[in-house]
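Asks: Please see the structure below; I have some questions.
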Amino acid sequence: MGVCRAWHALARSAPLLWRDIHVRQDPQPQLFELFLARASGTPLQVTFNRTDTDLATLLDSLHGATYLARLEALTFESITNQRHQPEKILHFLSMRMLTLDRLRISFNIQGPERGNNASALDFEACPDQCRHLKYLSLSSVVLRNPHVFASTLVILELRACTSADMSLTAFLAFLQECSNLEELTIAGYRHLDPDISDWLTSGSNPLPIIALPPQFRALAVEDIGSYTARLLSGLRLPRTASVSVIKLVSRGPPYDAIVDETYPVRLRKALPPDMSHLPLPNRGDEISVRRIALDNPGYALEVVLGSQRLRFGIQQRVGLYLEPGLCVDGLGEDLHELFGKASVTSLDLGDLRPHVKELQDPVASWKRVLASLPRLRSLVIVTHSTHLGRFYWLNWRDLRGLPSALAAFVCPPMEGPEGAVLCPDLEQLCFSVLWSCMDDTKAAMDISAGLLRRVVRGSPLRKICIGFQVFSSPERRWEVDSREVWWVERLAPYAAVVEVTYEW
């Protein structure tokens, strides 16, 4: 696109427009040097993304003392082991870059060596190499001598590698040295731990517990449950820190040293037996729990408390299929074990999909879930299906038991007062309905019967919200409009407010 001479001159004379340099495949060294020259004396931020050719030439351009002294951020993204690129990068990183405060290296092993940890990039930190490094992110890179960065690191991210020369105990000691650390991510990055099997079977050989600094605010851990539990058993976090623990389910490298259970998959097994040093909700706290979908089929239970976010999830990895549907039997156990001290007042079960393994008694299963939530005030059920863009819910046998469970009351003892309604404080019920009109009658009968029993028992709902899918065609829109009226008329006697929404 052409511009006038005045704008052209203005752009050339503004160094800040040239300081952020992104180099992709098939770079032009002359253009790279042009950017460096026009950046003048400003701090430089350089990114090499899948740069397979001329990498040595480009790095030579940065070798000058003038550029190294101005290098503020450096990224090597998806760098492969082809054309001796690791050697070129390691040679460049051995230079003194006193102003560098952000370094990111993502190594992508190609060819027959792929999946072999011995082929990972070895990055050995040297004293006085990067005195002011605050952000360090490594993927498929072995970090050696990390103590060099301990006094300055604020954010540390380690992914997809095994450190063969540092034990987990030594790594915890390194973290204790990081007095300025605020964020830590460990995803499939493991340290030597010969005692993990004994700890899993008998609880022997526990890790020393180190306390992260008071300003620490976010921890993210991703691995199979055995390793996440072991790592978390050695960390004491501030009570205000956010935590994300994703349990991987897999039978493939690098996650196959210890294989977790395959079904049913429980979130609790990704956490240590003693969770007192984790920032979980306290007794008396009122919390809202959301079930959210993750990539690479999976899900997580999430709680937000002000600026604090707690997320515990399960995610599929290579070699083992994780059924992403709702496992009602495990839901109540997970909620109780993760947040049992707090009062769950809102439960949002989003992006539900059909589960292959049907429940023997779905009503009883839902009763167990609801019985574990005596203070529940709001329940949201949002389903998802990729089949013809339809919503499905009550035609699934597992979920059809929910209306009956909502109407159930706890069986009274042999002597004593009559049993109480499950979730007596429930005020709001939101759900997405079927697209198939032929199932509307059965679904409405189940829900109406359940809601009527709550009215009779003195526990009516304040609000019912029904979700429909939006269609652009006038014919489909008319059909949805008629179903809106149909549903509202049938549920109006059982709540003060009945609404229809398309926000889901």
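Asks: What pairs can you find where one residue is in the range 147-160 and more than 11 Å from ASN180 (Cα to Cα), the other is among the acidic types (Asp, Glu) and open to solvent by 10 Å² or more (accessible area, probe 1.4 Å), and their Cβ atoms are less than 7 Å apart, with a gap of 6+ or different chains?
Replies: Here the result reads HIS147/GLU177, each pair linking the range 147-160 to a residue that is among the acidic types (Asp, Glu) and open to solvent by 10 Å² or more (accessible area, probe 1.4 Å).
Asks: So which of LEU138, LEU181, LEU156 is over 17 Å from LYS269 (Cβ atoms), in a loop (DSSP other than H, G, I, E, B), at pLDDT 90 or above and among the aliphatic types (A, V, I, L, M)?
Replies: LEU181
Asks: Mind checking whether some residue in the range 35-43 is among the aliphatic types (A, V, I, L, M), surrounded by fewer than 17 Cβ atoms within 10 Å (Cβ to Cβ), in a loop (DSSP other than H, G, I, E, B) and at pLDDT 80 or above?
Replies: No, there is no match, as no residue in the range 35-43 is among the aliphatic types (A, V, I, L, M), surrounded by fewer than 17 Cβ atoms within 10 Å (Cβ to Cβ), in a loop (DSSP other than H, G, I, E, B) and at pLDDT 80 or above.
Asks: Output the residues belonging to the range 117-161 that are surrounded by fewer than 19 Cβ atoms within 10 Å (Cβ to Cβ), over 22 Å from the mean Cα position of the chain (by Cα) and closer than 13 Å to TYR189 by Cβ.
Replies: Within the range 117-161, ASN117 is the sole residue that qualifies.
Asks: For PHE32, which of the numbered conditions (1) outside any helix (DSSP H, G or I); (2) within 30 Å of SER140 (Cα to Cα) fails to hold?
Replies: (1)
Asks: Take ALA187 and tell me if it is assigned to a strand (DSSP E or B), touching a residue at least 60 places away in the same chain (Cβ under 8 Å) and either within 20 Å of LEU93 (Cβ to Cβ) or open to solvent by less than 40 Å² (accessible area, probe 1.4 Å) (or both).
Replies: The answer is no for ALA187.
Asks: Also, I was wondering about something else. Mind checking which pairs have a first residue in the range 488-500 that is within 11 Å of SER448 (Cα to Cα) and surrounded by 12 or more Cβ atoms within 10 Å (Cβ to Cβ) and a second that is at pLDDT 90 or above and of a type in the set (Ser, Thr, Tyr), Cβ under 8 Å, 6 or more apart or different chains?
Replies: Short answer, once both residue conditions are applied: none.
Asks: Among the residues of the range 1-33, write down those that are under 38 Å from the mean Cα position of the chain (by Cα) and of a type in the set (D, E, K, R).
Replies: ARG19, ASP20, ARG24, ASP26
Asks: Please specify each residue of the range 201-237 satisfying the condition of being open to solvent by 20 Å² or more (accessible area, probe 1.4 Å) and part of a loop (DSSP other than H, G, I, E, B).
Replies: Answer for the range 201-237, where residues must be open to solvent by 20 Å² or more (accessible area, probe 1.4 Å) and part of a loop (DSSP other than H, G, I, E, B): GLY203, SER204, ASN205, PRO206, PRO208, ILE209, PRO214, GLN215, ARG217.
Asks: Of LEU237, LEU248, which residue is aliphatic (A, V, I, L, M) and at pLDDT 90 or above? Reasoning before the result, please.
Replies: Numbers: LEU248 fails: at pLDDT 90 or above.
Just a single option satisfies the conditions, and that option is LEU237.
The values are calculated or read from the model by the stated rules, or taken from the named source; none is laboratory data. Everything numeric here is computed off the predicted structure, so don't read it as measured data. Backbone-built Cβ (ideal geometry, glycine too); neighbour counts: all protein chains shown. For the accessible areas, the whole protein counts, side chains as well, though only heavy atoms, and no ligand, DNA or RNA atoms are used. Shrake-Rupley method; radii C 1.70, N 1.55, O 1.52, S 1.80 Å.
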